[in-house]
Amino acid sequence: MKTSGFAFRAELRGLLKLSLPIIFTQIIQVSNTTVAILMMGRVGSVELAALGLGGSFMIFVFLVCLGIMMSLSPTIAQHFGAGRNEGIRSAFQQGLWLAAATSLGAFFLLRQMGYLMQWIGVDPAVIPLVQDYLDLGPGRCHPSACISHCDFFVKPQATHGQCW
């Protein structure tokens, strides 16, 4: 089966239209730790190790929270497709509770990461520096979870040109 060059270009254009915002978002998220590592490289090896570990722990917790919050999008899309506005309201309210619980869990997990580092055998000189880096993260957990919640609430409805 032969495909025309026009069909290929149209498909490629549609693919790029969908993928470029995702690619841009990923680059921005990764650049936070990358820039910090570039800046800390001149300070010392212990500080650089602390930043690398802290960034790894932070992105792990963030991705777990994001994965949990992503469960809202298909639930709301199903309610929207079936025309169940009450189900959308209920899912939205439950999503707010889920965002609060997820951010609270992330808060405590990031605050207790020092014990995990001791358990896995991280150099004791690095642990306080990593914990200092991670102590900056919990304040961002709840706003990030709430923004994700709103994002996953709007997306299923906005794709059909309707949002309330």
Can you name the number of the only condition in (1) exposed (fewer than 15 other Cβ atoms within 10 Å of the Cβ); (2) touching a residue at least 24 places away in the same chain (Cβ under 8 Å); (3) farther than 20 Å from Phe62 by Cβ that Trp119 fails? (2)
Can you tell me which of Leu15, Leu110 is surrounded by 15 or more Cβ atoms within 10 Å (Cβ to Cβ) and either touching a Leu at 6+ places or on another chain (Cβ under 8 Å) or assigned to a helix (DSSP H, G or I) (or both)? Leu110
Filter pass, Leu63 being out of contact with any strand residue (DSSP E or B) (no Cβ under 7 Å at 6 or more places or on another chain), exposed (fewer than 14 other Cβ atoms within 10 Å of the Cβ) and assigned by TED's automatic domain parsing to the domain that holds Ala125: yes
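The values are calculated or read from the model by the stated rules, or taken from the named source; none is laboratory data. In this text the structure is predicted, and so the values were computed from the model without any measurement. In this analysis, Cβ positions are derived from the backbone assuming ideal geometry, glycine residues included, and neighbour counts consider all displayed protein chains.
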